[in-house]
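Every number in this text was worked out from the coordinates using simple rules, so none of it is lab data. Since the model is a prediction, treat every value here as computed from it, not as a measurement. Here Cβ is always computed from backbone atoms with ideal geometry, including for glycine, and neighbour counts include all displayed protein chains.
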Amino acid sequence: TRYVSLATFLATAIVAFIFWVIAPHLVRLLFGESFIESAVAVRWLLPGIVALSVGKIFASDLAGRGAVKYNTWLSFVALLVNVTANIVFIPIYGIKGAAISTSISYCLMTALAYFFMTRIANSDTAA
């Protein structure tokens, strides 16, 4: 899991960086100048996407160890954080606030998945 998650993180981070650079140009090309502000939201989503790509590996590890219940709780916590953050950030930042909220919830879900995965892995090796 360590090597797969590291490789996934690096590959996704590189692609996200490239997408960060080209997002305004791509939005302008595909949707026109009137949608250029959406490139900001796309950029704010990228950290969450990178985190989630690794988080899905951690979630699969948990499921493989028979700890599927953690994935349900992780999704529930991410939902609560996302909705709460949307209530706070959307009135202030608009679409950018929604993207920030999503990235926050994805990063939290990944961090918690890593925490539970390492905790369960350590208890498996101790047994």
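For this structure, a couple of remarks:
- Flag for Gly64 being surrounded by fewer than 17 Cβ atoms within 10 Å (Cβ to Cβ) and at positive phi: no
- Qualifying position, being free of Cβ contacts under 8 Å to residues at least 60 places away in the same chain, within 30 Å of Ala121 (Cα to Cα), in a helix (DSSP H, G or I) and touching a Leu at 6+ places or on another chain (Cβ under 6 Å), among Leu10, Leu74: Leu74
- Conditions (1) surrounded by 16 or more Cβ atoms within 10 Å (Cβ to Cβ); (2) farther than 28 Å from Tyr93 by Cα; number of the one not met by Ala39: (2)
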